Amino acid sequence: MANAYTPGLKVTAASIISKKRRLPILGEVLVQKGSKVSPETPVAKAYIPGNPQSINVANILGCEAEDIEGYMKKKAGDTIAKDEILASSKTFFGLFKTECKSPVAGTVEHVSEVTGQVIIREPAMPIVINAYVNGTVTEILDREGVTVETKGAFIQGIFGVGGEREGVLKMVSQRPDEVLDGPAITADCKDKIIIGGSLMTASAIKKAASVGARGIVAGGIIDKDLVDFLGFDIGVAITGHEDIPLTLIVTEGFGEIPMANKTFDLLKSLEGKNASINGATQIRAGVMRPEIIVPNEAAVIHESTIDLEGNLDSGTIVRCIREPYFGQLAEIVDLPPELVVIETGAKVRIMHVKLRNGDVVVVPRANVELIEE
């Protein structure tokens, strides 16, 4: 019988974690294979060409396009500062002078005697990719980047916003069902990654941002609070590029949902450790999840007890990733082999799962993801 792929959600204390650090365009790799790196170590660099600016010199000087070469003060390849004279002309026996100044700093790229226009290329913008985690460079991707490998704890959330950040884990909530509210966050949370319980409130997010926290991890978040904090609705886009002062990761879903005991206990055991977090999420495709990485070179790696290729069994713990049970943990009760027609009219394989409140419900197999121990 064929198996539908069921994406796995990892919550593990010891794992080998490989992160590809790749430039968006070809550039230069700055480290060697075998190098030890920290989150701030630059591993690759590239330059994005600056924007071209077109200036109609012939029109400004009031001359023919074929004549502008004689009025140019700069030639192709010359650098030029903003407001520096690019070309000038004199009329009426030198009594009147007309100047054309550059609106930007850059390099004169092209002078056209056909259109009378001059192209100035703004300075290239550098892009530097950091290592993101403590680890070792295990692979060099020629002119593209590197692979950094580390050992340690790896926890995936279900949704997040905000980019890559690094900081020390700090438990603020003492129970997985405790709501993280603003008054619980104090000045000593500066530069920390705050661990909450069932919910991060709007006041908690604002307070954490005001004291300079690097991120918050909690079971849930109210969607309206998230929209209010961001200033816009997320939609179906890939997250992680929001211009916000801290990264937010929810491990269970939207609303007040106690963090899974396993996740909470693992984070509690890691309090005081340095962690790298990234809120980047791609919801619909299910291929990108927010993550918390806590490197530990002394970690002992055990074989995974869960098959992530889709071989589900009764008793396996899964997380629902579609409504109406989005974010809820459940235990598989039964896996009927036959196809079933669901509300949408589609004929799919389903499973019976037992939710935490004891209810046994039917969900399509594609609407859950595994949680790796």
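Label-to-label distance for TYR47 and HIS241 is 2.4 nm, based on points extended 7 Å past Cα in the beta-carbon direction. Relative contact order of the range 59-110, taken over Cα pairs closer than 8 Å and 6 or more residues apart, is 40 percent. Taking a ≥ b ≥ c as the square roots of the eigenvalues of the Cα gyration tensor, the range 82-128 is oblate, since a/c reaches 1.5 or more and a/b is not larger than b/c. With 0.36 nm allotted per residue and the present C-alpha distance subtracted, the GLN174-GLU84 stretch has 26.2 nm of extension available.
Pairs of Cα atoms nearer than 8 Å and 6+ residues apart set the relative contact order; for the chain it is 19 percent. Taking a ≥ b ≥ c as the square roots of the eigenvalues of the Cα gyration tensor of the range 76-218, is the shape rounded (a/c under 1.5), prolate (a/b larger than b/c) or oblate? It comes out prolate by the Cα gyration axes. When you work out D = kT/(6 pi eta Rh) for the range 161-275 at 37 °C and 0.692 mPa s, using the Kirkwood radius from C-alpha pairs as Rh and the Stokes-Einstein form, the result is 239 µm²/s.
Taken along the Cα-to-beta-carbon direction at a fixed 7 Å, the label points for PHE232 and VAL114 span 3.9 nm. The GluC sites (Glu not before Pro) found in the range 21-72 that occupy coil by DSSP, while having at most 12 further C-beta atoms within 10 Å, are GLU40, GLU64.
Entry comment: accessible area of the range 34-117 is 61 Å² per residue, from protein heavy atoms only and a probe of 1.4 Å.
Rounded to the nearest 10 square angstrom, ILE127 shows an accessible area of 40 square angstrom against a 1.4 Å probe. Estimated from helical segments only, the mean residue ellipticity of the chain at 222 nm is -2500 deg cm²/dmol, where each DSSP H run of four or more residues counts as -39500 (n - 2.57).
What area, in nm² and to one decimal, does the C-alpha convex hull of the range 1-123 cast on average over all directions? Spell out each step's value before the answer.
On the way: hull surface 62.5 nm².
Result: a mean projected hull area of 15.6 nm².
Counting only residues at least eight positions apart within a chain, or on another chain, the lysines with an alpha carbon under 21 Å from that of LYS206 are LYS170, LYS190, LYS192, LYS224. Under 19 Å of direct C-alpha separation, and excluding same-chain neighbours fewer than eight residues apart, LYS73 reaches these aspartates and glutamates: GLU64, ASP83, GLU84, GLU99, GLU109, GLU113, GLU122. Using only side-chain charges placed at the Cβ, +1 for Lys and Arg and -1 for Asp and Glu, the dipole size of the chain relative to its Cα centre rounds to 600 debye. Positive end of the charge dipole of the chain (Lys, Arg +1 and Asp, Glu -1 on Cβ, about the Cα centre): tell me which of THR91, PHE229, GLY315 has its Cα farthest that way. Going by the Cα projections, it comes out as THR91.
Shown here for the range 139-246: trypsin sites (Lys or Arg not before Pro) in loop regions (DSSP other than H, G, I, E, B) with at most 16 other Cβ atoms within 10 Å, namely ARG143, LYS190. Among the chymotrypsin sites (Phe, Trp or Tyr not before Pro) in the range 65-119, those located in a DSSP loop and surrounded by at most 13 other Cβ atoms within 10 Å of their own Cβ are PHE92, PHE93. The modelled label-to-label distance for the pair GLU338/GLU64, using points 7 Å beyond Cα in the direction of Cβ, is 8.8 nm.
The values are calculated or read from the model by the stated rules, or taken from the named source; none is laboratory data. Every value quoted in this text rests on a predicted model; they were computed, and no experiment measured them. All Cβ positions, glycine included, derive from the backbone under ideal geometry; neighbour counts span all protein chains shown. Side chains included, ligands, DNA and RNA excluded: accessible areas come from the protein's heavy atoms. Shrake-Rupley method; radii C 1.70, N 1.55, O 1.52, S 1.80 Å.
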